[in-house]
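Engineer: The structure under discussion is supplied below as structure tokens; questions concerning it will follow.
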Amino acid sequence: MRSKRKNVLAVGAHADDIEIGCGGTVALHVKNGDNVVLLIMTKPSYTRYDGVVLRSETEGVREEQNGAKVLGGKHINLGFETKKVPYSSDSVEVINQVIDENEIDMIYTHWYHDSHQDHARTTRSVISAGRYVKNILMYEPEYPAGRSYTGFHNQYYTDISSTFEKKMEALKQHKSQVDKYGEGFLDAVGARAKHRGYEVQCNYAECFEVLRLLGDL
Ligand SMILES: [Zn+2]
């Protein structure tokens with residue numbers, strides 16, 4: 001039996017990262033009565049290198065809020081500029097403050113070797129800020145970016161069969177991203193959960209690489 005409510009922090013550089021990487025697990029924590037904080041590092045608007053707007057501020061704010069509402073928990077946006085998340089005292093200290101204020105004992109963040117600079121710097125900042133946090137798990141490299149020179153270690157699984165629909169419903173709130181990447185994007189996220197589920201003999205699962213995990217014997 002679980003002894004006490006966990007204080008969980010899920011971190012994503014961008015608005016839809018949490019949904020893709022650990023949305024089912026976050027929804028499971030909410031369902032179990034844990035205190036959950038969703039922390040997004042960047043402002044939701046962003047442009048392409050040539051200035052074309054890929055997501056407007058209004059559209060982005062709405063999508064981010066809707067996605068967070070589906071998952072549940074408290075939602076914080078730190079407002080760094082997209083593609084320019086720092087790994088410096090600016091990012092470390094503000095994450096540190098969120099950890100302290102919410103007495104966080106469990107963190108989900110990007111994979112350390114993710115190829116997107118925002119994802120990588122977010123996790124470096126989380127590792128520095130979370131030096132006293134007992135449990136830190138890194139979710140899989142993101143679609144469609146995230147492939148790297150080395151491989152993700154599938155070390156820790158959560159059975160998200162009961163919250164898979166919620167994960168997908170939350171992800172669908174990010175309409176601009178679904179439009180940008182196409183229906184295949186949703187299929188790929190769903191197929192990955194199915195694949196990870198098969199590996200541990202359940203319907204759907206999310207998978208993590210362990211940075212630190214306190215045993216509970
Ligand atoms: Zn991202």
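Readers should treat all values here as calculations from the given coordinates under stated rules, not as data from a laboratory. This structure is a prediction, so every number in the text was calculated from the model and none was measured. A quick note on method: Cβ atoms are made from the backbone with ideal geometry, for glycine too, and the neighbour counts reach across all protein chains shown.
Engineer: Just how many pairs of Lys in segment 1-97 have C-alpha atoms closer than 28 Å, counting pairs that are eight or more places apart or on different chains?
Structural biologist: Final tally of qualifying lysine pairs is 18.
Engineer: Short version: what are the Cα gyration tensor semi-axes of the chain, square root of 5 times each eigenvalue, largest first, in whole Å?
Structural biologist: Each semi-axis is √(5λ); the values are 24, 21, 17 Å.
Engineer: In whole Hz, what ³J(HN,Hα) sequence does segment 44-57 give by Karplus (6.51, -1.76, 1.60; θ = phi - 60°), x for Gly and Pro?
Structural biologist: For segment 44-57, the Karplus-derived couplings read x, 7, 7, 10, 7, 3, 8, x, 5, 6, 8, 7, 7, 4 Hz, x marking Gly and Pro.
Engineer: Can you tally the lysine pairs in segment 151-213 where the Cα-Cα distance is under 16 Å and the two residues are eight or more apart, or on different chains?
Structural biologist: 5
Engineer: When the dipole is taken about the Cα centre of the chain, and only Lys, Arg (+1) and Asp, Glu (-1) are charged at their Cβ, what size is it in debye, to the nearest 20?
Structural biologist: Dipole size: approximately 240 debye.
Engineer: Name the longest site-free stretch of the chain, where the excluded sites are trypsin sites (Lys or Arg not before Pro) in a DSSP loop with no more than 15 other beta-carbon atoms within 10 Å.
Structural biologist: Counting at most 15 other Cβ atoms within 10 Å as exposed, the longest clean stretch of the chain is 148-217.
Engineer: Amide H neighbours of ILE136 under 5 Å, at least 5 residues apart or on other chains, H built in the peptide plane: list them.
Structural biologist: Amide H neighbours of ILE136: ILE107, LEU211, ARG212, LEU213.
Engineer: Tell me, what ³J(HN,Hα) does each residue in segment 178-190 have, in order and in whole Hz, if you take phi through Karplus 6.51 cos²θ - 1.76 cosθ + 1.60 with θ = phi - 60° and put x for Gly and Pro?
Structural biologist: 5, 5, 5, 9, x, 4, x, 4, 5, 4, 5, 5, x
Engineer: Follow-up. Quick one: which residues, 5+ away or cross-chain, put their amide H under 5 Å from the amide H of THR42? H built at 1.01 Å from N.
Structural biologist: Amide H neighbours of THR42, under 5 Å, 5+ apart: LEU78, GLY79, PHE80.
Engineer: Also, quick follow-up: In deg cm²/dmol, rounded to 500, what helix-only [θ] at 222 nm does the chain give when every DSSP H run of at least 4 residues adds -39500 (n - 2.57) and the total is split over its residues?
Structural biologist: -13000 deg cm²/dmol
Engineer: Within the chain, what's the longest run with no chymotrypsin sites (Phe, Trp or Tyr not before Pro) in a DSSP loop and at most 12 other beta-carbon atoms within 10 Å? Give the range, please.
Structural biologist: No qualifying site falls inside 50-131, the longest such stretch.
Engineer: Could you check the simple spin-label distance between ARG5 and GLU93, using points 7 Å along Cα→Cβ, in nm with one decimal?
Structural biologist: 3.1
Engineer: Follow-up. In nanometres, what is the gap between the two model label sites at HIS153 and GLU183, each 7 Å from Cα along Cα-to-Cβ?
Structural biologist: 3.9
Engineer: Would you please give the FRET efficiency between SER128 and LEU217, computed as 1/(1 + (r/R0)^6) with r the Cβ-Cβ distance and R0 = 30 Å, to the nearest 0.05? Please list the in-between numbers first.
Structural biologist: On the way: r = 29 Å, r/R0 = 0.96.
My answer for the efficiency is 0.55.
Engineer: Could you compute the FRET efficiency for ASN32 and LYS175, with r as their C-beta to C-beta distance and R0 at 30 Å, rounded to 0.05? Before the final figure, lay out the partial values.
Structural biologist: Working: r = 29 Å, r/R0 = 0.97.
My answer for the efficiency is 0.55.
Engineer: Then there's this: Using the charge dipole of the chain (Lys, Arg: +1 at Cβ; Asp, Glu: -1 at Cβ; taken about the Cα centre), state which of ASN96, TYR181, GLN65 has its Cα farthest towards the positive end.
Structural biologist: So the residue furthest toward the plus end is ASN96.
Engineer: What whole number of Å gives the distance from the Cα centroid of segment 151-191 to the Cα centroid of segment 69-86?
Structural biologist: 18
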